[in-house]
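Every number here is computed from the coordinates shown, using simple stated rules; none is lab data. In this text, all values refer to a predicted model and were calculated from it rather than measured experimentally. In this analysis, Cβ positions are derived from the backbone assuming ideal geometry, glycine residues included, and neighbour counts consider all displayed protein chains.
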Amino acid sequence: MTLSQERILATAIPGPRSQELQARKVAAVSAGVGTTLPVYVERAGGGILRDVDGNQLIDFGSGIAVTTVGNAAPRVVEAVQRQVADFTHTCFMVTPYEEYIQVCEKLAELTPGSHEKRSALFNSGAEAVENAVKVARHHTGRDAVVVFDHAYHGRTNLTMALTAKNMPYKHGFGPFAGEIYRAPMAYPYRWPGGAEACADEAFEAFVNTVHAQVGEDQCAAVLIEPIQGEGGFIVPPPGWLPRVAEWCRDNGILFIADEIQTGFARTGDWFACDHEGVVPDLVTTAKGMAGGLPLAAVTGRADVMDSVHVGGLGGTYGGNPVACAAALAAIETMEAEDLPARARAIEAAFVPRLRAIADRHPDRVGEIRGRGAMLAVELVSDGPGRTPDAALAGAVHRACSAQGLVTLTCGTFGNVFRFLPPLAIGDDLLSEGLDIFEAAFDAAASGKVD
């Protein structure tokens, strides 16, 4: 790797060149497209982002869980260069190509369950979710779709309806698609009856919601992130997800797992559903699958996927050959380097450090949660009172940014700090990044930074 794996602060963050580019961005790009950290990247790899001012930042965000194998993984680079030289597009629906089939074969092999499967490829996670809902409705002949509090499924009209959070994702963009119903999420930290009661009470609440508001025989699908992403990295209690999947099977309802953020080694398994042996009828994937190139998929039971009429699924760019080549190379990298194990090692490195912070600030750290290299800290202002503290999350984020650590926040209340480092990151950078986060947290919690 030619990009040195070290943090370098050559200027203030952001530097003068980035500030110039940000002024051009404001003049040319819609104000609706936000920027978390206006540092303009010119090169990246491993765990480092190098900006136009010569700063090298440690990456704890992976472009929101996309660059799992790194920003310039050698196998991905070679595969993309080779494919670009061959051809960039023909449209699989017009004149197909082998790379699309190879990706679908790999998805059949890796996704949960040993049953016969089929896949269709798309461009983005939102497209995958939309098409999973289309397939479910077509197969079942039913209209209703059940989702959960705190869910995030995308920014298109249908996926905005599926997403729970209003600002910034839904505000002012309605009316939204109909026949979407929302059930309480099994959120142990904030469950009214307490974490110990969450599994049973949340399952009962889910069943009652579907029965009362939808009717089991009207429900096409239940759609859920096995670990919720934007909603706050919410991990349901053990046993809850398998019970929901089993209840769906018993009632002829398709169980759709949105593994767009959790899939492809991120949580320490190939897919988050694998942790409890849950086998979805349909699974949506994107993000980490293709090493940074836009590719998404719906994979599911062969009888369900094949029930759609010819021409009912597709899209001009869906399964682009360059993106498919990148995905095959990224998956090869994940297998060759055992990246699920790497994700578990990252969890083992992070959790003791985060617990030490919680021990020092018991009234500010509500919960540490997550799995693998998908971890989070929920911040509160009053300990047992559990009042969300978005201001503290923002202060820590700004302090980390100033020291060259790229971080992300999330959560319905904006108070969750999330960690999504590339699985290609080295241990030294992980440790240094945690040092920066720890110092930023200590300073912000004591009021030393705004």
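Which of the DSSP-defined H helices in the chain satisfy a minimum axial length of 24 Å, computed from C-alpha atoms, and a minimum mean Kyte-Doolittle hydropathy of 0.0?
Values: long enough: 339-360 (32 Å, 0.16); 427-445 (26 Å, 0.44).
Helices meeting the span and hydropathy rule in the chain are 339-360, 427-445.
Between Pro236, Pro175, Pro38, the GNM of the chain built on Cα springs shorter than 10 angstrom shows Pro175 fluctuating the most.
Taken over the range 76-336, the convex hull of the Cα atoms encloses 127 Å³ per residue. Taking the range 64-139, which GluC sites (Glu not before Pro) meet the DSSP loop condition and have no more than 11 other C-beta atoms within 10 Å? Answer in residue order: Glu116. For the chain, a Gaussian network of Cα nodes joined below 10 Å ranks Ala373, Ala128, Ala349 by mean-square fluctuation, and the top entry is Ala349. Summarising the strand pairing of the range 76-336, around 40 percent of its internal DSSP beta bridges are antiparallel. When only the Cβ of Lys, Arg, Asp and Glu is charged (+1, +1, -1, -1), the dipole of the range 76-336 relative to its Cα centre reaches about 720 debye. Here the peptides 56-64, 302-310 are ranked by packing, the mean other Cβ count within 10 Å, and the order with the highest first is 56-64, 302-310. Working note: Karplus 6.51/-1.76/1.60 with θ = phi - 60° gives the range 186-194 the couplings 6, 10, x, 5, 10, 5, x, x, x Hz, where Gly and Pro are set to x.
May I ask what percent, to the nearest 5, of DSSP beta bridges between residues of the chain are antiparallel?
Details: 32 of 48 bridges.
Within the chain, antiparallel bridges account for around 65 percent of the total.
For the range 303-316, 3J(HN,Hα) computed residue by residue from phi via the Karplus equation (6.51, -1.76, 1.60; θ = phi - 60°) reads 5, 6, 5, 7, 6, 7, 5, 4, x, x, 10, x, x, 4 Hz, glycine and proline entered as x. Evaluating 6.51 cos²θ - 1.76 cosθ + 1.60 at θ = phi - 60° for every residue in the range 413-422, the Karplus couplings come out as 9, x, 10, 10, 8, 10, 10, 9, x, x Hz, glycine and proline recorded as x.
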